[in-house]
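Scroll down for the structure; my scribbles are underneath it.
The values are calculated or read from the model by the stated rules, or taken from the named source; none is laboratory data. Please read all numbers here as calculations on a predicted model, not as lab measurements. Ideal geometry is used to build each Cβ from the backbone, glycine not excepted, and the neighbour counts take in all protein chains shown.
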Amino acid sequence: MKKNSILLTIILILAFFLYFSKLTGYFVTPTINISIAEKKEAKILLDWQPVIDISQEERIRVETVNTGSVPIEKFTTIRIYFFNGSLFPMKEYQELNSVNLYPGERHSYSVIYYPPFKGTYYIQARVKYDGKAVETWARFDVIVNISRVITPIVKPVYQPPEITPQYIPTIVYLSPPKLQIEIKNLTDALQDSEAIIVAKVKNLGERDAFELKPYISYPSSLEIRVSPLFVEKLSVNETISFLLSIKIPKDFLPGLYQLTFEISSNETKASKSFFLNVSEKTIDLTKDIQEKILSLKLLLSEARSRIYSLYLKGFDVSKINASLDLAEVYINRAEEFLKKKDFNNSLKEVEKAREEISNALINLETLTTIAPKAFPHYIPILIIAILIVATILIIIVWKRRKPKKPKLLREREEETQI
């Protein structure tokens with residue numbers, strides 16, 4: 001019975017851990033590839049009176065529903081047109097401030113319009129959200145009620161059916177992603193050294209770019225490393241930096257070499273050429289190392305701002321933050337060695353910092369698709385649950401334990417059984 005209780009308790013503990021892991025993702029191994037596709041989508045519902053009297057007001061309500069999987073920021077516009085052979089704009093209403101909607105949330109914007117005269121009116125309801133737009137149209141008629149008896153007409157009068165224009169909602173076509181590359185035009189380097197170059201890529205289009213991959217055309221005797229090698233998404237007006245580490249062999253011929261950096265996404269690509277000036281003569285090492293340190297500081301600052309936004313979303317960025325902290329230590333050491341004109345040690349510290357930042361950038365780009373979210377606030381709950389289960393287990397074992405009989409009594413029972 002005691003063994004069954006222990007086994008049951010172990011099963012309950014394992015079931016609790018499995019359910020906790022499934023609920024929070026906290027114990028999910030980071031080697032599992034989890035890809036969640038973001039979906040930005042919204043729809044609008046229009047409420048109005050199709051027929052009103054000239055003495056009444058038209059109450060219009062536009063309800064926006066976030067039908068996507070990510071939060072959106074929406075802005076509603078309502079326009080009123082009068083139809084008299086063609087559309088004449090009468091009134092326009094706009095929300096004072098944009099409204100944030102989480103997935104599944106709704107928000108209504110209502111207005112009251114007083115038509116000045118009878119006739120046919122059209123409503124255009126349009127909602128913009130995160131570079132996209134959705135709209136719908138509706139019609140209402142304003143009539144005049146005459147309180148008198150209308151004499152029936154003996155002879156029927158046939159009138160042609162009213163022809164109303166068919167208005168098709170405006171289709172908004174967003175331009176595809178447009179990638180812009182910023183890179184230093186000329187970089188000086190020595191034989192048997194390493195050059196560090198930063199390439200910035202910005203999305204100037206109206207749609208997000210996905211699956212970005214960098215490519216470089218260069219002489220085969222050079223050794224080039226790029227970080228990161230893959231970027232899942234680049235939003236509109238967002239900038240991402242790539243770290244180019246170019247190692248020049250000792251026997252590399254001096255001269256001016258043209259290299260090309262190319263970035264491609266699922267819809268477009270862009271490229272830009274830059275030059276590498278390899279020299280066998282002594283160059284200003286102080287200036288060269290200072291430029292490398294400034295490039296690394298720029299990447300360090302950008303990476304910190306990006307991991308902070310991920311931290312606010314609940315991702316575990318402790319490993320990336322540790323790499324950046326270590327890179328900052330190496331950069332400070334490189335500056336100290338540079339002040340002492342100790343170029344060799346300064347370059348070694350720069351290389352260490354570059355390696356740490358490169359690893360951090362790679363981990364940063366794979367974090368949102370591979371690493372699970374961290375839920376630190378679940379840790380106290382987990383500890384309390386373990387303590388409760390352990391307490392229950394101790395109580396069960398203590399209650400079911402049998403008092404040990406004296407030795408003489410046990411020997412007497414054994415003799416009786418024999």
Test: V127 is among the β-branched types (V, I, T) and surrounded by 13 or more Cβ atoms within 10 Å (Cβ to Cβ): yes
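Given the condition closer than 30 Å to S175 by Cα and assigned to a loop (DSSP other than H, G, I, E, B), answer yes or no: does some residue in segment 46-63 qualify? Lay out the reasoning, then the answer.
Residues of segment 46-63 closer than 30 Å to S175 by Cα: 46, 62-63.
Add one more test, that the residue is assigned to a loop (DSSP other than H, G, I, E, B), and what stays is none.
So far as segment 46-63 goes, no, none of its residues is closer than 30 Å to S175 by Cα and assigned to a loop (DSSP other than H, G, I, E, B).
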Among the residues of segment 396-404, is any at pLDDT 80 or above and over 30 Å from K202 (Cβ atoms)? no
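Going by the structure shown, is A353 aliphatic (A, V, I, L, M), buried (at least 18 other Cβ atoms within 10 Å of the Cβ), over 27 Å from P219 (Cα atoms) and not assigned by TED's automatic domain parsing to the domain that holds A189? Spell out how you get there, then give the answer.
Numbers: aliphatic (A, V, I, L, M): yes; buried (at least 18 other Cβ atoms within 10 Å of the Cβ): yes; over 27 Å from P219 (Cα atoms): no; not assigned by TED's automatic domain parsing to the domain that holds A189: yes.
Here the answer is no, as A353 does not meet what is asked.
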For K341, work out the one condition from (1) within 30 Å of L234 (Cβ to Cβ); (2) assigned to a loop (DSSP other than H, G, I, E, B) it doesn't fulfil. (1)
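For S271, indicate whether it is over 30 Å from the mean Cα position of the chain (by Cα) and in the same structural domain as L234 (by TED's automatic domain parsing).
Numbers: over 30 Å from the mean Cα position of the chain (by Cα): no; in the same structural domain as L234 (by TED's automatic domain parsing): yes.
No; evaluated as a whole, the condition is false for this residue.
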Filter segment 271-317 down to residues that are touching a Ser or Thr at 6+ places or on another chain (Cβ under 8 Å), aromatic (F, W, Y) and at pLDDT below 85, then give me how many there are. 1
Test each condition in (1) surrounded by 18 or more Cβ atoms within 10 Å (Cβ to Cβ); (2) modelled with pLDDT under 85 for Y218 and report the one that comes out false. (1)
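Could you pull out the residue among E211, E223 that is acidic (D, E), over 25 Å from I331 (Cβ atoms) and not assigned by TED's automatic domain parsing to the domain that holds R306? Explain how you work it out, then say what you get.
Values: E223 fails: over 25 Å from I331 (Cβ atoms).
Within the list E211, E223, the selection yields E211.
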Those residues of segment 78-97 that are outside any strand (DSSP E or B), within 38 Å of the chain's Cα centre (by Cα) and loosely packed, with under 13 Cβ neighbours inside 10 Å come to a total of 2
Look through segment 299-324, keep the residues that are in a helix (DSSP H, G or I) and of a type in the set (G, A, S), and return whichever of them is nearest to K352 (Cα to Cα). S323
Out of F242, F261, F252, which single residue is within 14 Å of F274 (Cβ to Cβ) and out of contact with any helix residue (DSSP H, G or I) (no Cβ under 9 Å at 6 or more places or on another chain)? F261
For a quick check of your reading of the model, give me the residue pairs whose first member lies in segment 85-102 and is touching a residue at least 24 places away in the same chain (Cβ under 8 Å), whose second is of a type in the set (D, E), with beta-carbon atoms closer than 6 Å and at least 6 apart or on different chains. S98/E73; N100/E73
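Kindly establish whether S264 is assigned by TED's automatic domain parsing to the domain that holds L212, within 21 Å of E182 (Cβ to Cβ) and either of a type in the set (S, T, Y) or without any contact (Cβ under 8 Å) to a residue 24 or more places away in the chain (or both). Give the steps one after another, and end with the answer.
Working: assigned by TED's automatic domain parsing to the domain that holds L212: yes; within 21 Å of E182 (Cβ to Cβ): yes; either of a type in the set (S, T, Y) or without any contact (Cβ under 8 Å) to a residue 24 or more places away in the chain (or both): yes.
Yes, satisfied.
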Mind listing whichever residues of segment 232-265 are in a loop (DSSP other than H, G, I, E, B) and either of a type in the set (G, A, S) or closer than 13 Å to N203 by Cα (or both)? S235, V236, N237, E238, S265
Quick one: which residue in I263, I240, I248 is β-branched (V, I, T) and over 23 Å from the mean Cα position of the chain (by Cα)? I248
So, in segment 176-207, exactly how many residues are within 18 Å of E223 (Cβ to Cβ) and either surrounded by fewer than 15 Cβ atoms within 10 Å (Cβ to Cβ) or free of Cβ contacts under 8 Å to residues at least 40 places away in the same chain (or both)? 1
Exactly one condition in (1) loosely packed, with under 13 Cβ neighbours inside 10 Å; (2) in contact with a strand residue (DSSP E or B) (Cβ under 9 Å, 6 or more places away or on another chain) is not met by E267; state its number. (1)
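Take K233 and decide whether it is buried (at least 17 other Cβ atoms within 10 Å of the Cβ) and either at positive phi or of a type outside the set (G, A, S) (or both).
Numbers: buried (at least 17 other Cβ atoms within 10 Å of the Cβ): yes; either at positive phi or of a type outside the set (G, A, S) (or both): yes.
Here the answer is yes, as K233 does meet what is asked.
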Is segment 228-241 home to any residue that is at pLDDT 85 or above, touching a Gly at 6+ places or on another chain (Cβ under 6 Å) and not assigned by TED's automatic domain parsing to the domain that holds R304? yes
In the list E63, E58, E135, which residue meets the criterion of being among the acidic types (D, E), crowded, with 17+ Cβ neighbours inside 10 Å, more than 30 Å from S235 (Cα to Cα) and out of contact with any helix residue (DSSP H, G or I) (no Cβ under 9 Å at 6 or more places or on another chain)? E58
